[in-house]
1. Using only the Cα atoms of the chain, what semi-axes does the equivalent ellipsoid have when each is the square root of 5 times a gyration tensor eigenvalue? Give whole Å, largest first.
2. At 0.36 nm per residue, minus the direct Cα-Cα distance, what do Gln189 and Ser15 gain on full extension? Give it in nm, one decimal, please.
3. Given bins 5 angstrom wide, list per bin the percent of all Cα-Cα distances in segment 1-66, short to long.
4. Given the -39500 (n - 2.57) contribution per DSSP H run of 4+ residues, what per-residue ellipticity at 222 nm results for the chain, rounded to the nearest 500 deg cm²/dmol?
5. Normalised by the number of residues in segment 1-105, what is the relative contact order in percent for Cα pairs under 8 Å and 6+ residues apart?
6. Size of the dipole of the chain about the Cα centre, Lys and Arg at +1 and Asp and Glu at -1 on the beta carbon, nothing else charged, in debye to 20?
7. Let me check something: with ligands and nucleic acids excluded, how do Asp25, Asp86, Asp109 order by accessible area (1.4 Å probe), largest to smallest?
8. Could you state the number of Å between the C-alpha centres of segment 134-150 and segment 23-84?
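The values are calculated or read from the model by the stated rules, or taken from the named source; none is laboratory data. As the structure is a computational prediction, the values presented were derived from the model and not from experiment. Every residue, glycine among them, receives a Cβ derived from its backbone with ideal geometry; neighbour counts consider all protein chains shown. SASA here: full protein model, heavy atoms, side chains in, ligands and nucleic acids out. Shrake-Rupley method; radii C 1.70, N 1.55, O 1.52, S 1.80 Å.
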Amino acid sequence: ILLKNDIDLSQAEWSPIPTFGGTFDGCGHAITGLSLSGGASYQGLFRFVQESGVIKNLHVEGSISAIEEQEYLGGIAGCNEGTIMDCSFFGTVSGKSAVGGIVGINEADGSIYHCMTAGAVTGERQTGGIAGKNYGIITGCTNRSSVNTEHPEETRDLEDGLSSLTRDMVSEATMDTGGIAGTSSGILQNCHNEGT
């Protein structure tokens, strides 16, 4: 697929592309007005990018948010098993866990090259500017998004020491937050975090 023009989704009835295994070349164009909210996990412009999928040269602007226990949310894809390269996302992504500016989860076969994000990314667990969870390769990427800079339950009196923490207090804290990836057992190479 070759994108020949910019697309504004703000006035369109639209739902995410469920799964994609071909090549989507944005040709430097932008998809703006992306707005996804509600109760589904695996959300983004693409829900799943298959191992054979390639998304490249695309700029996306918008907001993605989930309620309750939803996870795997990203500006470009909820889950990536393919290749995402030379893409950017400007906007906000928020969810429970595995929340990223580009992808919610980058699987072991997934690769993300030379991508950039700006805006805000928020989640309770595994929250990153590029990927919430990374098992694959992320290289040459830049995060300019603020990641978990605000949390409604972040102030607690801890003068009694760590032993006074209760299970409820721990569960309300944000965990596994990173400028590039919230958690990673894959490869992070030549990346830059410029966000808070």
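1. Details: eigenvalues 170, 60, 40 Å².
Calculated on Cα positions only, the semi-axes equal 29, 17, 14 Å.
2. Values: separation 174, 0.36 × 174 = 62.64 nm, distance 3.31 nm.
59.3 nm is the gain from fully extending Gln189 to Ser15.
3. 4, 17, 25, 28, 19, 7, 1
4. Working: 1 runs with 6 residues, N = 196.
One gets -500 deg cm²/dmol as the mean residue ellipticity at 222 nm.
5. On the way: 329 pairs, mean separation 27.0, N = 105.
Contact order relative to length: 26 percent.
6. Numbers: 9 positive and 24 negative charges, 119 e Å.
With Lys and Arg at +1 and Asp and Glu at -1, about 580 debye.
7. On the way: Asp25 25, Asp86 70, Asp109 90 Å².
Result of the area sort, largest leading: Asp109, Asp86, Asp25.
8. Segment 23-84 and segment 134-150 have Cα centres spaced 15 Å from each other.
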